[in-house]
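What follows is a set of notes on a single structure, which appears directly below.
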Amino acid sequence: MSKLDIETINSIKVLALDMIDKAGSGHPGIVLGAAPIIYALYKDHLKAIPSNSNWINRDRFVLSAGHGSALLYSLLYHAGYDIDIEELKHFRELNSLTPGHPEYRVTPGVDASTGPLGEGVGMAVGMALAERYLRTISNIEKKNSNLIDYYTYCLCGDGDLMEGVSYEALSFASAQNLNKLIILYDCNHVSLDSDTTNTFTEDIEIRFEALNFNILNVKNGNDYNEISKAIKQAKKSNRPTIIICNTTIGKDSLLEGTNKVHGKPLSKEDLNSIKTKYKITNESFTVSQEVLNYFQNTINTRVGEAYKKWEEEYISIKESDNIGLHSLINLLERNTFVIDFDDTKFKISDEYNEELRESNHKIMNFISPKNPFFLGGSADLSSSCKTNLDKSSIQSEDNPVGKNIYFGVREHAMGAILNGMALSNLKVFGSTFLSFSDYQKPAIRMSALMNLPVTYIFTHDSVYVGPDGPTHEPVEQLTMLRTIPNFITFRPADINEIMGSWEYILKNNCPTALVISKEKRSKNKNTNAKFVKYGAYMIRKEKYHLDGIIIATGSEVEMAMDISKELFTMGIDTRVVSMPSMELFLKQNPKYEEQLLPKDVPTFVIEAGSSIIWNRFATKPEYIFGVNRFGMSGKTDEVIRYLKIDKNTILEKIANYLEKNVNIDII
C-alpha cells in the first residue's frame, strides 16, 4: 500500500472514532476492522459520483452491517459527498444527516436503510435483480445500451450470515445467477456476546460452494490491495460472488480481537493510543487536506470518464423519440409510474359471483400489460394466491424480463428482495397467505420505514379456511399490519373495492397490504371503488331512523348487509359501513367520521380476526364480533359457528342489544 493509501484509511478510521467518542455510543470494532474493505471498494471500483449521489447508473452499496454507520459516514465525507464535519459531529443525534444506522433519503450516498442484520443482504439481492431487469429492458429498447449497467455490493458480517433471511436471499440469488451481486464478508469471528466459536462454526466456503457462488478468500483483510484485486476478479465472474475478508475486529485497539470492542466507545486512553500509532495527532474532527484531495481526485478521475461517456448516451436518448427509454428514465429519475387505471372501464355483471382472489387476479392482469415496471411474484403460492401475470413468463437468468418471480418458499427473503427492487423504483408485489405475514414482518417494517411502493398481497385471510386448521387461519395478523406506521392495509369486500384498492396503490408511492379472501362473493350494488380512498363509507343507509351502525370489512361485509336487512324486518333500522382501510379512514377530516359514525349511535363491528383494535369504533367491547383465539380444523361452517361469528349468532346478539333501545313497532 502507498503511504497515502495508508494515511487515508487511517484518517477514515480516526474520524469515525471521533464521531463515536463524541456521541458516547457506536461500534468502533467494525471501523477499525473493515475500513480497508470499504476503502478498496470506493477508491478503486465503485462507479459513483459524489457530486451526483442519485445518478441512475451508479453502482449500489448496501451496508448490511448497519452498526458500522460511522465508518460509512466518515468514508462518504472523505469521498466528497455532501456531508460536512458539523453533521459528523452530530452523529446519532436527533434530525442529523448521520443517524445511528444508515437511513435512505437522509444521508447522501446511502442507498438503503439498514434494518435488522441480514435484511440488507436481501435488499442487495433485490437491487441486483432489478438491475438485470432494467438493463435488459434498456437493451431491448436500444441495442448495446449502457444506460443501465451497474454492480451491487453489500458489506456484511458474521451476524448477517447467521440470520436466516440472508441465506434465503442468497439461495434465491444463486438460483437466478445474479452475477453482478458481490458480497463483501467482514469475517472477524466475533459477535456482540462472544467470539463465534459458540454460535457460528460452519465452513463458509463449503456453504457458499453449495450455493454455487464464486468464492474469493482474502487472507489478510487489512491489505487494501488484496481486497481490491479480489473485487476486480469478482467483477469478471459469471456467478454471484462472496469475498471473504479475514479481518480483526477493533484492529490496533487495546481490545482488538474481542467482543468488548464491538458495541461501545473506546476509552480515551485507547483512542489516543490509536491516534498516536497512526500519527494523527490533530484536534478531533480535523482531516488532512492532502488526504481529502488524494481520495476525491482518485475517485473523480476513475469514474469521471465513464460518467461523461454515459452522459453522452443519456443526452442522446433524451433528444430521441424512444418512448420506452424516456419512460425508463422518468421512472428512475423522478419515480414517475403511470398506469391508466379507471374502475369505470370494468363491466361487471349483476350476477357476478366468484372468489375474491380470482377477482384480484383479473384486475392484476388488467394492470400488468399497461406498464413494464409492474411485476412481482409469490413465495411458492402463486397458484393459491392467484397472483400470476398470465401474459408474462417466469423471470430467470435466461428470461430476465419475465414479470413472474418465483421466490420459492422464502417469505422473509421475498419481502427484503422486493424492498431492494422498490429501491430501484420498480412497482413490485409479493404474495403469500395472511398467516405467513409474520415471516415477513421485518421486511414489511423496512418497506414502511423507507416508504417504498411494495404491495404485499395476502390471501386466505381468515378462519374461513377452516379445513387447513389453526396454523393457517390468521387471527392477529390484520391488527399487526394496521399498527405499522406509514403502512396502508386494505381488506376489500368485493371486486369493486378491490379495484378501488388498486387504484389507490397505483396512484400512491407507498407500502401497502392487500388482504384478499378466497371466499366467493357477489358484487354489492352499493360498494364503490371511488370511495375506497376514504377508508370507510356507507353501503346501506337507514330507512327511517338510525338505531345502530354495523361496521364490517372484507368477506364479512356481505354478512353485515344480510344482518341489517333481517334486523329491518324486526323493526330495527341500521346503517352498514364498509371499512376497507382503517388507516385511510383515520386520516380523513374528523367531520367525515362524525357524519358516518355518530357517537351517540350504538356501533357494532364484524371482522373475523382479533377485536383488540376495534375498540376505537365500537360502542362497547361486546359489540365487536371477532376472533380472539386460535382457530380450529374443520368444515368452514362448523368452524365459524363454533367460534360464534356466524350470521345467526351475530344477528341474535345485535337484535338483543338493540331491542332494549329502540321501538320495534316502527314498521
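Odds and ends about this structure:
- Percent antiparallel among DSSP beta bridges (both partners in the chain, rounded to 5): 10 percent
- Nonlocal amide H pairs with F407, under 5 Å, H built at 1.01 Å: S378, D380
- Computed label-point distance, nm, for sites K525 and S396 using a 7 Å Cα→Cβ extension: 5.0 nm
- Relative contact order (%) - criterion: Cα under 8 Å, at least six apart; region: region 343-522: 26 percent
- Förster radius 22 Å - calculated FRET efficiency between N225 and Y278 (Cβ-Cβ, nearest 0.05): 0.70
- Pairs from the table (K345/K541; K362/K543; K13/K427; K22/K441; K441/K533; K345/K441) lying more than 32 angstrom apart at Cα are K362/K543; K13/K427; K22/K441; K345/K441.
- Cα gyration tensor shape for region 534-659, rounded if a/c is under 1.5, else prolate or oblate: oblate
- Unit charges on C-beta of K, R, D, E only; dipole of region 3-304, Debye: 960 debye
- Three-way shape label, region 487-574, alpha-carbon gyration tensor, a/c 1.5: prolate
- Spin-label model distance (nm) - N335 vs D380, 7 Å beyond Cα toward Cβ: 3.4 nm
- Evaluating 6.51 cos²θ - 1.76 cosθ + 1.60 at θ = phi - 60° for every residue in region 337-342, the Karplus couplings come out as 10, 10, 9, 7, 10, 9 Hz, glycine and proline recorded as x.
- Residue order, fewest to most surrounding Cβ atoms within 10 angstrom, among V454, V463, V106: V106, V463, V454
- Remark: region 577-591, residue by residue, has Karplus-estimated 3J(HN,Hα) of 10, 8, 10, x, 9, 4, 5, 5, 5, 6, 8, 6, 4, x, 5 Hz, where x stands for each Gly or Pro and the curve is 6.51 cos²θ - 1.76 cosθ + 1.60 at θ = phi - 60°.
- Cross-link partners of K620 among aspartates and glutamates, defined as those whose alpha carbon lies under 13 angstrom from its own and excluding same-chain residues fewer than eight positions apart: D600.
- Among residues other than R641 with Cβ under 11 Å from its Cβ, the summed charge is 0 (Lys and Arg +1, Asp and Glu -1).
- Projecting label points 7 angstrom from Cα along Cα→Cβ for K143 and E311 puts them 2.9 nm apart.
- Along the axis of the charge dipole computed for the chain (Cβ charges of +1 for Lys and Arg, -1 for Asp and Glu, origin at the Cα centre), the listed residues N297, Q440, A79 are led at the positive end by N297.
- Links that overshoot a 21 Å alpha carbon limit, given the list K235/K318; K43/K232; K47/K235: K235/K318
- 3J(HN,Hα) along region 282-299, derived from phi through the Karplus expression 6.51 cos²θ - 1.76 cosθ + 1.60 where θ = phi - 60°, amounts to 5, 4, 3, 6, 10, 10, 4, 5, 4, 5, 4, 4, 4, 5, 5, 5, 4, 5 Hz, with x in place of Gly and Pro.
- Whether region 343-522 is rounded, prolate or oblate, judged on the alpha carbon gyration tensor where a/c under 1.5 counts as rounded: rounded
- Taking other residues whose beta carbon is less than 9 angstrom from the beta carbon of S424, and scoring Lys, Arg as +1 and Asp, Glu as -1, yields 0.
- Point-charge dipole on Cβ atoms (K/R +1, D/E -1) for region 26-94, about Cα centre, debye to 20: 240 debye
- The charge dipole of region 294-452, taken about its Cα centre with unit charges on the Cβ of Lys, Arg, Asp and Glu (plus for the first two, minus for the last two), comes to roughly 400 debye.
No lab work stands behind these numbers, since they all come straight from the coordinates. Computed from a predicted structure; not experimentally measured. In this analysis, Cβ positions are derived from the backbone assuming ideal geometry, glycine residues included, and neighbour counts consider all displayed protein chains.
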